[in-house]
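Participant: Provided herewith is a single structure, encoded as structure tokens, for subsequent inquiry.
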Amino acid sequence: MRFLAPSFLHLAWLAVIPLVLYLFRRQAKRVQVSTLLFFRSLAREHQESAWLRRVKRILSLLLTLAIIVFGVLALARPASDAGADTPGSLVILLDRSASMAAKDAKGHTRMDEARDAIRQRVRSLPEQVIVSLIAFDAKPGVLLSRSRNRRDLLRLLDGVTAVPREGKPDAALSVARRLAELERPAEIWMVSDASAASDRPDPSDIKLTATSTALQNPTNVGITGFQIRKAPLARGRYEGFVRVSASGANQKTLTATLEVRIGGRISQLREIELKPGDSSSLILPLEGVRGQKLELELKAPGDCLGSDNMILAPLPELKPLVVAWLSDSPDPFTGIALGSLVEAGRLDIWKGDSKSWPMKEKPDVYVFEHWVPDAWPADRPAIVLNPQKSAGPLRVRALDRTGIPHSTVRLVAPENPVSFRIATSRVAITQTCAFESLGSLEPVWLAGNETVLAAGEVNGQRIVASAVSPSQSEQLALLPAYPLLLGNAIYWCAEQSDAMSELKPLHPGDWLTTTGLVKWTEWNGTRSAAASDEAQGGILEVQRLGIWETADGKTGSSILAAAEETNVPRQSTDATAAKPGAPTKQTWRKTSGNWPQKLIWGLLAVLILESFLFHRRAVY
């Protein structure tokens, strides 16, 4: 037995008062009266022996003392030691990632359940235990560090809400261990809907307990990928790439509806059938003008998480990409392919030869054809067409002028964006060089056993290399495959450039460089609403989902698109995972709540008994 609030035990001195009153009561006085007849009649009606009167007095004293003792013990909050040894410090880890906003049938979120569990545990702790509170999403935040003030803890706990970010507990666990090591014995308690953290290896002797607040049978689908761009070889049109995923905890196959709205009007409806844990990718043609609001809303029956169901984004204005095309003997079909992109207003071509190198102004992308510089440029992405010597990560061997014809090519990397929407079944090419080494580049096309198209990143630089001559190839120049290939390669290489920055959505936790007021059309999980943030010091951390607009007129979007959060976990059979000896949530409730309740009920019973005896039975 232990007391959670031993400071109230000093109130036991109140028992001295009835003892003093019992021991030092006033003696009866002798008073002369005119007659004793009346008093004799009363004595006969209430005649009692001396021992019975003494028992009644003792009973009165005991009942009074019981009331005082029960009241003091109830205030001191006795608890059983059946759970575990009381830690010297407790570090509470609270998950506030996006999935903690998932709701059950009653509308309670996982965060509501987590707060209730923490309140119950805190009430069961002795006052001398030092408590810390850490809330984490992608990064940890220490809300309360080493305090015995329970009111501050509960006040800060009420202010914690789920935020639209991914949950990464590893960094939070490291911070929690550092805090726990300051006071031994210590315990770390993690409250989350994710898998049990007690399975993680812990070299120290600090107890690590995990309590899951996950739903028993969750159902969720969400948008886990989004990108928008101008449609290749199409004027005034956009394309939206969307990936839709279903939680692995879903009990059955769901049919979800993707509703596409531009400027508030429905433009498309797509139905997607998703098995548990499956994903589906869509390419959506979009028609609109710059600044129109694009809304993608995913709907499914029984969906428990709303933050991953909506994408809000403005249709952007594409700045032309600056492409430097350098060649001593340019291929005419390369010029035609690049010219088609120039006419669509998506490229600005700087044409030059080897004498133009090095360039004073930097383009977004270099295109080297039949020629490569001796000093490889590592500051910009590069597309190398039909190189005749080794350069950078490429080791090249030149072939005969006539080259090697291949009637077909084989696509070996269908997921590579360079080969997007290119049908290779009718492509016949002529290979004019051979790659002896590609470094870390990935083969995309194979002709026979030879790599004729490769793409990848080397030290952060994106590179696309082709060993094909379009003018010598039988069919390549006559098909839309070559313009598409060049367009895909240029756009993929330039994804990190300034001209493409407006197309790239932000995520909560990213930083926005701006000053002044930032206006939002925010998606809060259930509806769109207006909001605003003030950028301090020329920078603002993105904390919302939706469309943002800065004071200087720049616009963009912020999306969740996190597969880990869409994959809402299911409650395991053993809801609370703990190391041996660690108390479970059920034990905390039992040990902290039963004794005070019993004492209070006992106090009420004694009061009723005393009232009955002394007021109905004249016990005095």
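Participant: Considering only segment 107-129, state which residues are within 18 Å of T161 (Cα to Cα) and either free of Cβ contacts under 8 Å to residues at least 60 places away in the same chain or of a type outside the set (D, E, K, R) (or both).
Facilitator: Hits for segment 107-129 are G107, H108, T109, M111, D112, A114, R115, D116, A117, I118, R119.
Participant: While we're looking at this one, here's another question. Output the number of residues of segment 239-255 satisfying the condition of being free of Cβ contacts under 8 Å to residues at least 60 places away in the same chain, surrounded by fewer than 21 Cβ atoms within 10 Å (Cβ to Cβ) and of a type in the set (A, V, I, L, M, F, W, C).
Facilitator: Selection size over segment 239-255: 1.
Participant: Oh, and also: Anything in segment 455-484 that is assigned to a strand (DSSP E or B) and of a type in the set (S, T, Y)? List them, or say none.
Facilitator: S466
Participant: When you check E166 against the structure, is it in the same structural domain as T109 (by TED's automatic domain parsing), of a type outside the set (A, V, I, L, M, F, W, C) and modelled with pLDDT of 90 or more, yes or no?
Facilitator: Taking the combined requirement at face value, the residue satisfies it.
Participant: Now for a separate question. Residues that are under 24 Å from I118 (Cβ atoms), crowded, with 17+ Cβ neighbours inside 10 Å, at pLDDT below 80 and among the β-branched types (V, I, T): does segment 57-65 have at least one?
Facilitator: no
Participant: Anything in segment 409-454 that is in a loop (DSSP other than H, G, I, E, B), under 41 Å from the mean Cα position of the chain (by Cα) and farther than 21 Å from R397 by Cα? List them, or say none.
Facilitator: V412, A413, P414, E415, N416, F420, R421, I422, A423, T424 - these are the residues of segment 409-454 that are in a loop (DSSP other than H, G, I, E, B), under 41 Å from the mean Cα position of the chain (by Cα) and farther than 21 Å from R397 by Cα.
Participant: Now, a different point. Is it fair to say V372 is in a loop (DSSP other than H, G, I, E, B), under 46 Å from the mean Cα position of the chain (by Cα), buried (at least 21 other Cβ atoms within 10 Å of the Cβ) and of a type outside the set (S, T, Y)?
Facilitator: yes
Participant: Okay, next question. Please list, ordered by residue number, the strands (runs of 3 or more DSSP E) wholly in segment 250-332 having 1 or more residues that are at negative phi, more than 30 Å from the chain's Cα centre (by Cα) and not assigned by TED's automatic domain parsing to the domain that holds I547.
Facilitator: Output list reads 265-274, 279-287, 321-326.
Participant: Next up: Could you run through segment 437-472 and say how many residues are out of contact with any helix residue (DSSP H, G or I) (no Cβ under 6 Å at 6 or more places or on another chain) and buried (at least 23 other Cβ atoms within 10 Å of the Cβ)?
Facilitator: Going through segment 437-472 one residue at a time, the tally reaches 10.
Participant: Determine the pairs where a residue that is more than 26 Å from S145 (Cβ to Cβ), located within segment 93-104, has a partner that is among the β-branched types (V, I, T) and surrounded by fewer than 24 Cβ atoms within 10 Å (Cβ to Cβ) with Cβ atoms under 6 Å apart, the partner being 6 or more residues away or on another chain.
Facilitator: A101/T109; K103/T109
Participant: In the set P508, P580, P596, which member is exposed (fewer than 15 other Cβ atoms within 10 Å of the Cβ) and either outside any strand (DSSP E or B) or at pLDDT below 90 (or both)?
Facilitator: P580
The values are calculated or read from the model by the stated rules, or taken from the named source; none is laboratory data. Computed from a predicted model, the values in this text were never measured in an experiment. Quick reminder, even Gly has a Cβ in these numbers, built from the backbone with ideal geometry, and neighbours come from all protein chains shown.
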